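*Asks:* Okay, handing you the structure first.
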Amino acid sequence: MVEKEFTNRLINEKSPYLLQHAHNPVDWYPWSEEAFRKAKEENKLVFLSIGYSTCHWCHVMEKESFENEYVAREMNDVFVCIKVDREERPDIDSAYMTVSQMMTGTGGWPLNIIMTPEKVPVFALTYIPRESRRGMVGIIDLTRQIKELWTQGREEVERRAEEVLGNLKRVTQSRKGAAVNQSTLDSMLSQLKQSFDKEYGGFGHAPKFPSPHNLMFLLRAYKNSGDGELLDMVKKTLNTMRMGGVYDHLGYGFHRYSTDAGWFLPHFEKMLYDQAFLMMAYTEAFQVTGERIFRDVVYEVASFIEREMTSPDGPFYSAIDADSENEEGKFYTWRATEIIQLLGREDAEIFMSVYNCDLSGNYIEEATGRGTGKNILFLNRTLESEAGRLGLQVEDLKQLLDRSREKLFQYRAKRTRPHLDDKILTDINGLMIAALSKAYRAFGEETFLASARKAAEFLITRMYKDGRLLHRYRDGESAINGYLDDYAFLSFGLIELFESTMDARYIEISKKLSETANTLFRDEKDGGYFGSPSDGEVLPVRMKEGHDGAIPSGNSVQMLNLLRLGTILSDQAMKESADSIANSFASDIERGAMYHCFMGIGILYSLSTNYLVKIGEKHPQSSKVAKYMSESFQPFSEPVLLGDNNAGLLALMGEASASGGAHSKILVCIENNCFPPVESLEKLKELIKG
């Protein structure tokens, strides 16, 4: 084992990102009182650098600057340097990312903040090169300029800090607007239609993110309106993403985003939360359309998750890096000579034709614009079209491609693998539990349910202590008090798992999590929820967010949770509480409707008729009705199965004294009022449709 020349305080941390920087010559501290005390005692500014372990540009900046002894000496002389893993501390990341967006108009990682020892920001930057170039200040010049400013013009720095803090508080203060209504949804749909890319699917231009929550919103809007354009937008996006280079055609799973508009050139990292929401979107698209390709994608992504992102104890790892051997995409890209050598010339010619591989390579490096000589696999035709073009039978072509992919996959497995961030996060594990539970109901695949249950049991037993959630588990340690997203996303997963198992324990825990969230996060003055708990660390601002980012906000997911719990448990107060969340963000939604699409899902649910379908297990058509409710797309209905073995569920629903007669009936209820018993599946369909 090679002894490291430098070791800093990050060596004692659990975060893979912090440990990546533990041997930098920069004298990094974790976020701690010790670091800020040192800054005060030594009269230094703080250099805060926020990132995550699979962040490409974080790696670039580390190699260029933080591993450089000369840069480190300059930084250590001027600053107390703090490293933060944004996935461990989303409260810190959210607050200072807002600073960056406010001060520079942009954000991203690595996020670098220069601030006072009182945690008040003064300057915000993202990636900083080592040397100044092309209008970008380098970290060496920046450090020297800051030193001069701090030593010779401290009053100006402190004045600027006060100004930034004042602006930050104004930007983040609550601004209630008129109550949300159908016109709110109309604005979301109008903006989505305007920004939709008719050629490639998705929204906006390059870089293009999957945004599966937008697609889930469109599917529900289509369900309500029958507007075929909305369904076409979903199908176009899901199909072109699956065919593009943003999808891993050998090992499956989706890369983070496409750097171009056509889904060809990906940023190669793979995030658990992307897989979860995309699985949900493809599952729901299958339920609506019955198209086999959507089912296939769900199975493929699930196989990738099981193989590469599931821990032996059941929960799911966070992310896989874009880089290996200091090169982005090296693990995933191919030289034509490799393909020919592995497949033989005849099969290779067909494979390369189908997957658009060139002898000179099709992969142009984004940063330099230079060719790499390598290929990214992607499709631009269906299998049937390719077979016709090549003069082959469809089944023969399918077998050749399956055989070829397996050979390449086995060869690729021997390459140096990208870094795996193996920390367990409660919030995004909740999302994957939801995705697998949904997929189980749609397809009846028992392995999906088993995986969801195992992960849920781990979180309940290891991450849920004394009525509160913990945020992160790694290397045997559960730590960091949970944030709003932990409560909202796990509750979401448990509701989906309940509807897959009818185990009342899951709905009971979901209800308790929602009650605890009210205690810890609720904004009693203006409505909605703060992202960090009331007893959490004091930062310059306590953030409250309702907009979608890479994933939806905790507020939007919790709104939907409360609406669904309110329907299942016949609790009108929960539904009213949910509506107040959307209303608290009405002003923000008005300014940027299409950036609140998951909250739009909640608003659609609230404005729609919500059916509670009570299925007595002794009714002769109970299994047929339960199967229909699971397999079809019913986003505004909640099914419950009543039988002799779920007294706990009856108690939660306020029916503790229900007689066995309820177990032999199928009842459809709206707002605590039930229609006469339904005698057949056909009658149920008529009633729900009506």
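*Asks:* Could you figure out which of (1) at pLDDT 95 or above; (2) part of a helix (DSSP H, G or I) isn't true of Gly201?
*Replies:* Every listed condition holds for Gly201 apart from (2).
*Asks:* Then there's this: I need every pair where a residue in region 232-255 that is under 17 Å from His213 (Cα atoms) and assigned by TED's automatic domain parsing to the domain that holds Asp402 has its Cβ under 9 Å from the Cβ of a residue that is at pLDDT below 95 and not in a loop (DSSP other than H, G, I, E, B), sequence separation at least 6 or different chains.
*Replies:* The qualifying pairs do not exist here.
*Asks:* For region 438-482, what are the residues that are without any contact (Cβ under 8 Å) to a residue 12 or more places away in the chain and of a type in the set (Ser, Thr, Tyr)?
*Replies:* Selection gives Thr461 alone.
*Asks:* Then there is this: With Glu300, Glu269 as the choices, which residue is touching a Ser or Thr at 6+ places or on another chain (Cβ under 9 Å), of a type in the set (Asp, Glu) and under 21 Å from Ile376 (Cα atoms)? I'd like the intermediate steps shown before the answer.
*Replies:* On the way: Glu300 fails: touching a Ser or Thr at 6+ places or on another chain (Cβ under 9 Å).
Testing whether each residue is touching a Ser or Thr at 6+ places or on another chain (Cβ under 9 Å), of a type in the set (Asp, Glu) and under 21 Å from Ile376 (Cα atoms) leaves just Glu269.
*Asks:* Let me ask you something else. Of all residues in region 400-418, which are assigned to a helix (DSSP H, G or I) and either touching a residue at least 60 places away in the same chain (Cβ under 8 Å) or of a type in the set (S, T, N, Q) (or both)?
*Replies:* We begin by selecting, within region 400-418, every residue assigned to a helix (DSSP H, G or I); these are 400-412.
Within region 400-418, Ser404, Arg405, Lys407, Leu408, Phe409, Gln410, Tyr411, Arg412 qualify.
*Asks:* How many residues are within 18 Å of the chain's Cα centre (by Cα) and within 17 Å of Phe203 (Cβ to Cβ) when one looks only at region 243-253?
*Replies:* 1
*Asks:* Among the residues of region 357-367, is any in a loop (DSSP other than H, G, I, E, B), at positive phi and not hydroxyl-bearing (Ser, Thr, Tyr)?
*Replies:* Looking through region 357-367, at least one residue is in a loop (DSSP other than H, G, I, E, B), at positive phi and not hydroxyl-bearing (Ser, Thr, Tyr).
*Asks:* Exactly one of these conditions fails for Ile460: (1) buried (at least 18 other Cβ atoms within 10 Å of the Cβ); (2) of a type in the set (Val, Ile, Thr); (3) more than 21 Å from Ile581 (Cβ to Cβ). Give me its number.
*Replies:* Failed condition: (1).
*Asks:* Evaluate the following for Phe316: is it of a type in the set (Phe, Trp, Tyr) and not assigned by TED's automatic domain parsing to the domain that holds Arg242?
*Replies:* Working: of a type in the set (Phe, Trp, Tyr): yes; not assigned by TED's automatic domain parsing to the domain that holds Arg242: no.
No: the conditions fail for Phe316.
*Asks:* Restricting attention to region 103-113, report how many residues are out of contact with any Lys or Arg (no Cβ under 7 Å at 6 or more places or on another chain), surrounded by fewer than 22 Cβ atoms within 10 Å (Cβ to Cβ) and in contact (Cβ under 8 Å) with a residue 24 or more places away in the chain. Steps first, please.
*Replies:* Residues of region 103-113 that are out of contact with any Lys or Arg (no Cβ under 7 Å at 6 or more places or on another chain), as a first pass: 103-108, 110-113.
Going one step further and asking which of them are surrounded by fewer than 22 Cβ atoms within 10 Å (Cβ to Cβ), we end up with 103-108, 112.
So of that shortlist, the ones also in contact (Cβ under 8 Å) with a residue 24 or more places away in the chain come out as 103, 108, 112.
Total meeting the criteria: 3.
*Asks:* Among the residues of region 618-628 satisfying the criterion of being assigned to a helix (DSSP H, G or I) and not aromatic (Phe, Trp, Tyr), which is nearest to Leu565 (Cα to Cα)?
*Replies:* Filtering region 618-628 for residues that are assigned to a helix (DSSP H, G or I) and not aromatic (Phe, Trp, Tyr), the one nearest to Leu565 (Cα to Cα) comes out as Ala626.
*Asks:* If I filter region 505-542 down to residues being aliphatic (A, V, I, L, M) and outside the structural domain of Asp571 (by TED's automatic domain parsing), which single residue comes out as nearest to Met594 (Cα to Cα)?
*Replies:* Val541
*Asks:* Being over 19 Å from the mean Cα position of the chain (by Cα) and assigned to a helix (DSSP H, G or I) is the filter; apply it to region 419-447 and report the residue that is nearest to Ile320 (Cα to Cα).
*Replies:* Thr447
*Asks:* Between a residue in region 116-133 that is at positive phi and any residue that is part of a loop (DSSP other than H, G, I, E, B) and buried (at least 19 other Cβ atoms within 10 Å of the Cβ), which pairs come within a Cβ distance under 8 Å, given they are 6 or more apart or on different chains?
*Replies:* Lys119/Pro540
*Asks:* Restricted to region 282-328, and to residues that are of a type in the set (A, V, I, L, M) and part of a loop (DSSP other than H, G, I, E, B), which residue is farthest from Leu449 (Cα to Cα)?
*Replies:* Of everything passing the filter in region 282-328, Ala322 is farthest from Leu449 (Cα to Cα).
*Asks:* Looking for something crowded, with 22+ Cβ neighbours inside 10 Å and under 30 Å from Met233 (Cα atoms) - is there at least one such residue anywhere in region 341-351?
*Replies:* Within region 341-351 (the criterion being crowded, with 22+ Cβ neighbours inside 10 Å and under 30 Å from Met233 (Cα atoms)), the answer is yes, since at least one residue qualifies.
The values are calculated or read from the model by the stated rules, or taken from the named source; none is laboratory data. Predicted model, so just to flag it, every value in this text is computed and none were measured. Every residue, glycine as well, gets a Cβ built from its backbone with ideal geometry; the counts of neighbours run over all protein chains shown.
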